[in-house]
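Just below is one structure, and these are the notes that go with it.
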Amino acid sequence: MPSRPDGTTSATTRTSAAPAESSLTAKDFKSEVKPIWCPGCGDFAVLSSMAKALATLQVMPHQVVIVSGIGCSSRLPYFMTTYGLHGVHGRAIPIASGLKLARPDLTVFAMGGDGDLMSIGAGHLPHVCARNIDITCVMMDNQVYGLTKGQASPTSPIGHQSKSTPYGMIAKAANPVLLTLSYGASFVARGYSARPNELADLIAAAVRHPGFSFIHVHSPCTEFFNTYDHYDSLVEELPESWDRSNLPAAINLALTEEKVHLGIFYQEQRPVYEVEARQFEKEVRSFHLASYVQRFT
Amino acid sequence: MTQPKSFKEDQVRNDFVIRIGGDTAIGGVISTGENFTTAAARLGFHVFTFRSYPAEIKGGHAWFQVRIANRPVLSLGDSVDVLIAFDQEAYDKHSDDLQEGGVVIYDSDLVHAGDGKFTHYAVPFQRIARQELGFVRGTNVLVLGLMAGLFGLPVTSLKQLVRRRYKRRADLMEKNLQALAHGYEYTKRIRKEDKYYLGTSDHIRRLVMSGNDAIAAGALHAGCRFFAGYPITPASEILESMARELPKLGGVCLQSEDEMAALSSCIGASYGGVKAMTATSGPGFSLMIELLGLSSMTEIPVVLVDAQRSGPSTGMPTKLEQSDLFQALYGGHGDFPRIVIAPASVEDCLYRTVYAFNLAEKYQMPVILLSDQSLSHRTQTIDMPDRSHLKVVNRIQPSDGRHGEEYARYALTNTGVSPVGIPDIFLHPFVAPGLEHDERGHTDLSPQVHEAMTEKRFRKLAGVAKETDTPDWAPRYGHPRAELGIIGWGATEGSIREAVDRALAKGYKVAAIHPRILNPLPETQLRQFIASVRRVLVPEANYQGQFAHHLAAHLEVQPIRFNKIGGLPFTSGEILQRLEEVMSHA
């Protein structure tokens with residue numbers, strides 16, 4: 001039984017207030033708070049996919065924490081009935097890491113946009129991938145800074161003209177799937193908000209995966225950079241036969257520019273940080289100051 | 001002869017300062033001092049150590065200083081009584097700090113000591129170790145034997161130390177015991193001409209800890225079970241202690257990728273109901289400031305240790321300064337409450353860390369524990385902890401029965417404190433929002449809500465002030481009708497206290513108050529103190545007079561400022577001198 005700070009076991013077993021487990025539907029995960037997103041925003045579909053995945057997993061809302069950064073997509077926790085932490089720009093991953101390390105019994109998400117995860121908070125990704133903390137990270141990539149009204153982002157394509165790049169984007173766009181594969185993520189997938197059922201499956205698979213999972217979701221911004229037509233014409237589901245254990249093949253696939261592949265690129269079973277960190281010592285002891293300080297005599 | 005028989009009883013000095021200097025390449029310069037200190041403390045002597053590290057990773061000049069007495073010692077002392085010079089650099093660097101009538105013990109093959117006002121004991125340390133013992137690495141233990149013989153430390157206690165240290169290396173244990181005995185015996189050939197000799201001790205068992213040791217112990221006692229930190233001088237030992245200890249207690253220590261991540265992870269852990277702490281120094285604290293606001297806004301308790309060092313920028317990483325006070329008090333965008341605690345001694349580090357957690361939990365806000373390099377790395381004798389003063393407080397939680405569906409995480413209460421639900425313990429989830437929010441945590445950017453919520457968050461400080469505006473948090477000492485009042489903060493207390501004692505003995509009417517909490521200020525205590533004296537002097541180790549500024553802003557007082565920024569601590573002599581200057585210009 002995973003440790004809980006009050007030393008009890010699961011809350012669901014000691015209450016009648018919670019609905020019976022089999023009764024949870026996607027609706028149970030959507031709060032009454034109305035999303036602030038623009039009509040047609042890809043994030044609506046991500047929200048629905050999240051709710052659907054959690055219903056599939058039959059996890060209780062009070063056992064789930066969604067940590068987010070700053071940006072349009074990071075408002076998502078308010079629209080769900082789970083616990084949430086709407087934090088600081090770029091810090092969803094380290095906040096979620098601390099939470100999951102302290103409370104391995106919880107289902108923890110780190111959500112953010114391309115600004116959060118590829119720019120201001122990009123420095124955390126290599127470390128969470130290497131540590132393999134069991135967090136599900138969903139990156140809603142609209143290739144633009146929507147909340148600040150349309151500036152270019154690290155995933156905007158070369159030549160992209162925006163208010164902050166009126167002469168066009170010079171930098172090469174970051175490739176989130178390639179990056180996380182190279183950082184050693186143990187689960188890397190790509191989804192598309194216009195394929196919400198497949199995305200819900202990816203999210204459910206990511207949560208089931210023991211270890212850090214990263215899902216790159218193309219979630220277009222209808223207001224500042226509408227890419228629906230572009231992705232509609234380029235996306236292609238990975239075949240059933242795709243070998244998820246082949247890292248070089250996954251990397252090659254991530255480098256492909258002709259198509260935008262959807263599905264699980266790579267998955268491996270690897271020791272999980274919060275589990276390993278609790279196996280250093282055979283038994284957990286309580287702290288006694290008087291005996292602890294003997295070393296200072 | 002090792003007994004100072006040539007001196008009368010009243011001339012013997014049994015409170016004195018030994019400084020040991022040499023290149024770290026020699027090996028054991030610091031450990032010689034540490035072993036002497038530990039052995040003395042075990043016999044019931046009181047010690048106060050200070051050390052200076054070289055900037056180089058390996059090699060370079062290092063020195064260690066211990067003040068030792070059979071009564072409590074509060075500061076590192078004014079000057080040096082005994083200098084042990086392993087090489088010429090040590091002699092050249094430190095002989096100016098020696099008292100008149102002081103003692104130099106030096107390696108006579110390596111050091112050319114000037115003649116004159118000091119007592120000289122010339123001993124070819126390395127040659128003896130090499131030729132007579134065939135064990136040049138035993139040089140420092142040989143010196144330890146010399147020190148024991150010359151200053152009256154029973155050699156048996158040192159033998160125990162050597163045995164314990166080399167209990168798994170029988171060959172080294174034997175060689176080191178030989179070196180120790182050889183050094184001790186050697187002193188019988190020396191005619192003792194100085195007056196320094198340890199008196200009798202009370203044989204009471206005490207602890208010898210550093211400030212960093214004490215903070216880690218306090219945190220573990222307070223129930224801290226998550227720590228995240230990034231290595232930085234002089235705070236790294238806290239990270240190291242937590243990495244070693246937390247796994248034994250079912251906790252987790254994370255070495256973060258940067259300081260922003262460190263405080264983020266602590267906030268995440270604390271949101272999960274697990275008490276969390278990070279420790280850093282000025283540069284790391286600067287990086288954490290945005291997260292400090294998140295902790296305050298979301299009302300997630302967290303404890304942040306800032307072991308201050310000399311800044312700005314990289315500054316002087318191994319030197320002390322009290323120059324992060326502005327950052328601790330005012331750093332961050334927007335209006336948000338935080339608690340700032342400044343422990344004044346090693347013992348205080350232990351107790352105040354427990355209180356820091358208690359206040360963080362009770363008032364659901366960030367608590368900054370402002371230590372500094374001199375406190376982090378000095379070791380000091382402290383009494384065994386008193387459990388009755390170390391009660392642990394936990395945050396108030398809602399109950400499913402009472403709060404249920406109507407639970408409002410940020411309910412507007414009289415105290416500003418609202419019960420905090422913990423995931424999978426409390427069944428009615430909420431979002432902890434960095435955005436301004438209503439009582440239920442829903443985004444609300446209306447002027448009324450921002451006003452009400454800002455007031456709610458700040459209202460909690462009134463509760464903190466109520467329980468910390470006490471003599472325990474701001475102890476006063478000295479003359480009851482003092483003309484001059486000193487207000488100090490942090491690690492300067494020992495030096496100030498000794499200066500006050502010396503001034504009182506000289507007939508000066510002085511008193512001092514040393515608040516341990518700097519935000520909220522213990523206003524009643526301070527106002528009473530200020531009203532009771534004619535003038536106020538504020539000594540602090542920074543250029544801008546940051547605390548004097550804070551006091552002026554809050555208490556309408558214009559203190560005389562006394563600032564020191566060289567990277568070394570105030571001595572009591574310096575404070576006494578300034579105090580006498582001020583009082584003679586009355």
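Each reported figure results from applying straightforward, stated rules to the coordinates on display, with no laboratory input. Here the structure is a predicted model, which means the values were calculated and not measured. In this analysis, Cβ positions are derived from the backbone assuming ideal geometry, glycine residues included, and neighbour counts consider all displayed protein chains.
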Practice prompt. Quick one: which residues, 5 or more positions from A:Ile133 or on another chain, have an amide H under 5 Å from its amide H? H modelled 1.01 Å from N in the peptide plane, none for Pro or chain starts.
Written response: A:Phe212, A:Tyr273
Worksheet, complete the sentence: For the pair B:Tyr166 and B:Ile289, the simple spin-label estimate (label points 7 Å beyond Cα toward Cβ) gives in nm 5.2 nm
Practice prompt. Using a/c under 1.5 as the rounded threshold, could you call the range B:208-389 rounded, prolate or oblate? The axes a ≥ b ≥ c are square roots of the C-alpha gyration tensor eigenvalues, and prolate needs a/b larger than b/c, oblate otherwise.
Written response: rounded
Response to the item:
Listed by chain and number, the lysines with an alpha carbon less than 17 angstrom from that of B:Lys167, same-chain partners under 8 positions apart left out, are B:Lys159, B:Lys175
Fill in: Charge tally in the Cβ shell below 12 Å around B:Thr38, where Lys, Arg are +1 and Asp, Glu are -1, B:Thr38 excluded
+4
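Could you compute the net charge surrounding B:His514? Neighbours are other residues with a C-beta less than 11 Å from the C-beta of B:His514; K and R count +1, D and E count -1.
+1
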Fill in: Among beta bridges that DSSP assigns inside the range B:476-584, antiparallel share in %, nearest 5
20 percent
Item to complete: Apply 1/(1 + (r/R0)^6) to the Cβ-Cβ distance of B:Tyr543 and B:Leu504, taking R0 = 35 Å, and write down the FRET efficiency to the nearest 0.05.
Response: 0.70
Worksheet, complete the sentence: Looks like the range B:404-466, by Cα gyration tensor root eigenvalues a ≥ b ≥ c and the a/c under 1.5 rounded cutoff (else prolate when a/b is bigger than b/c, oblate otherwise), is oblate
Fill in: Residue mean of other protein chain beta carbons inside 10 Å, A:277-290
5
Practice prompt. Name the long-range amide H neighbours of B:Val420: under 5 Å, sequence gap of 5 or more, or other chain; modelled H, no Pro or chain starts.
Written response: B:Ile396, B:Gln397
Item to complete: Treat every Asp and Glu Cβ in chain A as -1 and every Lys and Arg Cβ as +1, leave all other atoms uncharged, and give the resulting dipole magnitude about the Cα centre to the nearest 20 debye.
Response: 920 debye
Worksheet item: Cross-link list B:Lys362/B:Lys456; A:Lys172/A:Lys259; B:Lys275/B:Lys362; A:Lys282/B:Lys391; B:Lys117/B:Lys319: which exceed 21 angstrom alpha carbon to alpha carbon?
Response: A:Lys282/B:Lys391; B:Lys117/B:Lys319
Worksheet entry | Where labels lie 7 Å past Cα in the beta-carbon direction, separation of B:Glu405 and B:Val12 in nm | 8.2 nm
Discussion item. Charges at C-beta only: +1 for Lys and Arg, -1 for Asp and Glu. How large is the resulting dipole of chain B about its Cα centre, in Debye rounded to 20?
Written reply: 1960 debye
Discussion item. Once you place label points 7 Å from the Cα toward the Cβ at B:Arg130 and A:Leu255, how far apart are they in nm?
Written reply: 6.0 nm
Worksheet entry | Relative exposure of B:Leu292, B:Leu43, judged by other C-beta atoms within 10 Å (fewest first) | B:Leu43, B:Leu292
Practice prompt. Would you kindly derive the ³J(HN,Hα) couplings of the range A:74-81 from the backbone phi angles with the Karplus curve 6.51 cos²θ - 1.76 cosθ + 1.60 (θ = phi - 60°), listing them in order in whole Hz, with x for Gly and Pro?
Written response: 6, 6, 3, x, 5, 8, 10, 9
Worksheet item: Hey, with R₀ at 45 Å, roughly what FRET efficiency would B:Gln577 and B:Asp92 work out to, going by the Cβ-Cβ distance, to 0.05?
Response: 0.95
Worksheet item: Of B:Pro154, B:Leu263, A:Val235, which is farthest along the charge dipole of the protein assembly as shown in the positive direction, counting Lys and Arg as +1 and Asp and Glu as -1 at C-beta?
Response: B:Pro154
Worksheet entry | Efficiency of FRET from Cβ geometry, A:Glu32 and B:Leu445, R₀ 30 Å, rounded to 0.05 | 0.95
Discussion item. Counting other beta carbons within 10 Å of each residue's own, what order do A:Met80, A:Met139, B:Met277 fall into, fewest first?
Written reply: A:Met80, A:Met139, B:Met277
Worksheet item: Amide H neighbours of B:Met209 under 5 Å, counting only residues 5+ apart in sequence or on other chains, H built in-plane at 1.01 Å?
Response: B:Gln380, B:Ile382
Worksheet item: Once phi is turned into ³J(HN,Hα) by the Karplus curve 6.51 cos²θ - 1.76 cosθ + 1.60 with θ = phi - 60°, what whole-Hz value does each residue of the range B:559-567 show in order, with x for glycine and proline?
Response: x, 7, 8, 9, 10, 9, 9, x, x
Worksheet entry | For B:Thr379, B:Thr443, order by how many other beta-carbon atoms lie within 10 Å, fewest first | B:Thr443, B:Thr379
Worksheet, complete the sentence: For A:Lys30, counting only lysines whose alpha-carbon sits under 24 Å away and dropping same-chain residues fewer than eight positions off, the answer is A:Lys52, A:Lys100
Worksheet entry | Prolate/oblate/rounded call for the range B:9-189, Cα gyration tensor, a/c under 1.5 rounded | rounded
Worksheet item: Residue by residue through the range A:274-280, which ³J(HN,Hα) values in whole Hz follow from phi under the Karplus form 6.51 cos²θ - 1.76 cosθ + 1.60 (θ = phi - 60°), with glycine and proline marked x?
Response: 5, 7, 4, 5, 9, 10, 4
Worksheet item: By how many nm would the segment from B:Lys188 to B:Glu174 grow when fully extended, if each residue of separation counts as 0.36 nm and the alpha-carbon distance is taken off?
Response: 2.9 nm
